[in-house]
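Right, one structure below, let's go through it.
The values are calculated or read from the model by the stated rules, or taken from the named source; none is laboratory data. Small disclaimer: the values here were computed from a predicted structure and weren't measured. Counting neighbours? That spans all protein chains shown, and the Cβs are built from the backbone with ideal geometry, glycine included.
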Amino acid sequence: MSTPLNEEQRAAVEHGDGPMMVLAGAGTGKTRVLVARIARLVETGTEPWSILAVTFTNKAAGEMRHRLREMLGEAADAMWIGTFHSTCARLLRRHGEKVGLTKSFAIFDDDDQMKLVEKLLKETGFDEQCSPRTILSRFDRAKNRGVDPRSIQTGMFDDVVEKIYPMYEAQLAKENAVDFNDLLLKVLKLFSIEEARRHLAVRFRHVLVDEFQDTNKVQYDLVRQFADATRNLTVVGDDDQSIYAWRGAEPRNLLDFDRDFPDAKVIKLEHNYRSTQTILDAANGIIRKNRDRHEKSLWTDKGGGDPIEVYTAGDERGEAYYIAQSIRRALDDGPTSPSEIAILYRTNAQSRVLEEHLRAARVPAKVVGAVSFFERKEIKDVVAYLRLLNNPAADSAFERVVNVPARGVGETTVDRLRAAARTTGHGLLDAARFAARGEVAGLGAAARKKLHAFVELVDGLVDVIEQGASVAETIIQIVDRSGLRTKLETDGSSESRDRLDNLAELVTTASDFDDESTEASTDEDPSGRGRAAIDGFLERIALSSAGDQTASEQVVLMTIHVAKGLEWPLVFISGLEDGLFPSLREREGTSEDAAMEEERRLAYVAITRAREKLVLTHARTRRVWGEIRMNGPSRFLDDLPPGCLAAPLRSRAQTPSAPRIVDGNWAGRGRGPRGSMGGRGGDDMDQRVEYDEEPVYRVDDEAARGQGKGAFMVGSTVVHGTLGPGRVVALSGTGKDLKVVVDFGVIGQKTVLARFLSGGDDGLN
């Protein structure tokens, strides 16, 4: 090995028989320890074929096997190294007949499952009530816990699950198939069959599990069964990096390991080989506030390192411009290359404005782990609606949205419309009009009724445009009138919430476009102005989504969840605002304290991705569904030790403004603040800095003052007549509709109208 093992690493590698838990902090060399321990087991007499090493990704398994081949040669090929699912699939090929499978059983992937459930929903008439994804999420959550989905009653779609699940299982059995969860569950079932249990219980002499904090209940049960006879179980993980509770992971598997195995040897790896001490101090400062964890603190002998920059922008555009310009400067000054830089964020919707500004800065970049913003399904659906409204002859747009969201217009109906369109020479939308009037052969009353409803929807939206609606308002009307919003809100899955967030971000994109195009417009005809605006917006999207990036080295953009396990010299973490990061969403089955602890772990993971330099950014305002929302800085920023931060922060005079983007390029320095003559006006309430273009958004006096009881700001104390005192977390809406999200302590967070609140005892900031 290139460098010797440290004392703690060596102790883990040289441990003999019996259970062991290795608490490996970020960047402390856990993979190296696992590989070295396996090599030592072989060198001291353990047969390679009796070693089982379980990882969570095929990439990690491949890397482990590659390293072991370099150390042990062909012996590495005899070991069982793989993910939980690949290991179980391999065992079922050998023993599957005992649980009703032949050796040639099929594995249904996500798409196979989706199509099967979609078919079953249609057969049972539930397809208009919920989506296949919603039902599959219910199946997945239950199977992760090893229980029948029908046994978990949530009050929503219980009747659908009760009907669909037996049909789903019967179809899998009929096709000699399993889904991903069944791979694990059926191997677990093998342990209840005496003949299979006798073989499997002694199959592996040593079992080693990586990323143990990410195991769910079924996976833990499997591990215990594999190691039950020998008790030679090594688990490696970091409870501070447990960030997948929403996906079924059970952090308690690692936290309580020494309770299940009281004789287990416990080793902590705290010597970090990745980051500077400044970065580690920041990570330690945030994670130490978590109570439910094994105490440990990362350290390095690298020295202090560059201080951490914290940048406050006026809005998300200013934030994205600052990040893009900072990266452009780093690339120009050298020797930094694009592949050494990452931009991390809490939600996928944040990538859109970042992509735009990086493209304008000519920074080669790619979104990893998610589809590029304008390529996401829900975005393409709404854009297709816009195309159809602006061009009734856009047949491809018609085909995309005629059944989005599902309204019972099937492929057979569309085929009839295609035939009619070919015969008459008209487009599909006109063919749908003819069909609604009974002028297309082969369509029954039900199909005609559904097409009539769709044509009315399109005509109503066209009227919205002809009355002069902005692009943002048109998109909001599309989302509402089409039923997209209702469908996604009803589904209630995490995927549906993400899709709603992305649609909200599309409205923000359109609002930015509307702001920039209003002053330039001279067309007095509302209809012409509306169509011209949509033309311009569609053109901008086409330019923004052009796949012309050919650079081999690129800056990467990804969510923090996707970034786990990766590292870069320079990392930007954007959106550090309360409500965004940490997310303050309620989570089903999770207490507020537990959710906040996971958010802290997520921040810890994000910070420890950086090796040399870390930049944290947040914005005072963000547009969500066309509204300006004021955001307080993330509470995590308060946890950073002062010695970690750059001081003084970047001065206002040195920080450039965020110019508009025109045709994919920055358009000079942009305008000065609205209503100004190049200087600051006399408004004492205007909190903008000199370089900030975002206008001041104010509500009417009655709502802003809570009927004379004091203005509301994030962080201020307020009092509700029934709920008592609380602290303002977020604001939304305007005028009499101003809404305030208040943390009432034990009661939790509640959203109330501002007029029902008064200022608290601590006054206003």
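Per-structure values
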quantity: Odd one out for THR102 among (1) modelled with pLDDT of 90 or more; (2) of a type in the set (Val, Ile, Thr); (3) more than 18 Å from ARG203 (Cβ to Cβ); calculated: (1)
quantity: Checking ILE327 against (1) over 24 Å from ASP240 (Cα atoms); (2) crowded, with 21+ Cβ neighbours inside 10 Å; (3) at pLDDT below 95, the condition it does not meet; calculated: (3)
quantity: Where a residue in region 598-619 is under 18 Å from THR312 (Cα atoms) and its partner, wherever it lies, is in a strand (DSSP E or B) and of a type in the set (Asp, Glu), with Cβ under 8 Å and at least six apart; calculated: LEU614/GLU309; VAL615/GLU309; LEU616/GLU309; HIS618/GLU577; ALA619/GLU577
quantity: Sole exception among (1) at pLDDT below 95; (2) crowded, with 19+ Cβ neighbours inside 10 Å; (3) in contact with a Lys or Arg (Cβ under 7 Å, 6 or more places away or on another chain) for ARG93, by number; calculated: (2)
quantity: Some residue of region 311-331 being in contact with a Pro (Cβ under 9 Å, 6 or more places away or on another chain), among the acidic types (Asp, Glu) and assigned by TED's automatic domain parsing to the domain that holds ASP639; calculated: no
quantity: Single condition GLU411 does not satisfy, out of (1) of a type in the set (Asp, Glu); (2) more than 26 Å from GLY460 (Cβ to Cβ); (3) surrounded by fewer than 16 Cβ atoms within 10 Å (Cβ to Cβ); calculated: (2)
quantity: Residue list for region 234-262, restricted to those being more than 28 Å from the chain's Cα centre (by Cα) and closer than 12 Å to GLU598 by Cα; calculated: none
quantity: Any hit, region 198-220, residues being without any contact (Cβ under 8 Å) to a residue 12 or more places away in the chain and either under 21 Å from THR87 (Cα atoms) or in the same structural domain as ALA89 (by TED's automatic domain parsing) (or both); calculated: yes
quantity: Any pair with Cβ under 9 angstrom, 6 or more apart, that starts in region 92-111 at a residue that is without any contact (Cβ under 8 Å) to a residue 12 or more places away in the chain and ends at one that is surrounded by fewer than 13 Cβ atoms within 10 Å (Cβ to Cβ) and among the acidic types (Asp, Glu); calculated: LYS103/GLU97
quantity: Residue in region 118-129 that is under 25 Å from PRO251 (Cβ atoms) and in contact with a helix residue (DSSP H, G or I) (Cβ under 9 Å, 6 or more places away or on another chain) present; calculated: no
quantity: Wholly within region 361-442, helices (runs of 4 or more DSSP H) carrying at least 2 residues that are more than 28 Å from LYS119 (Cβ to Cβ) and in the same structural domain as LEU457 (by TED's automatic domain parsing); calculated: 377-390, 411-424, 428-436
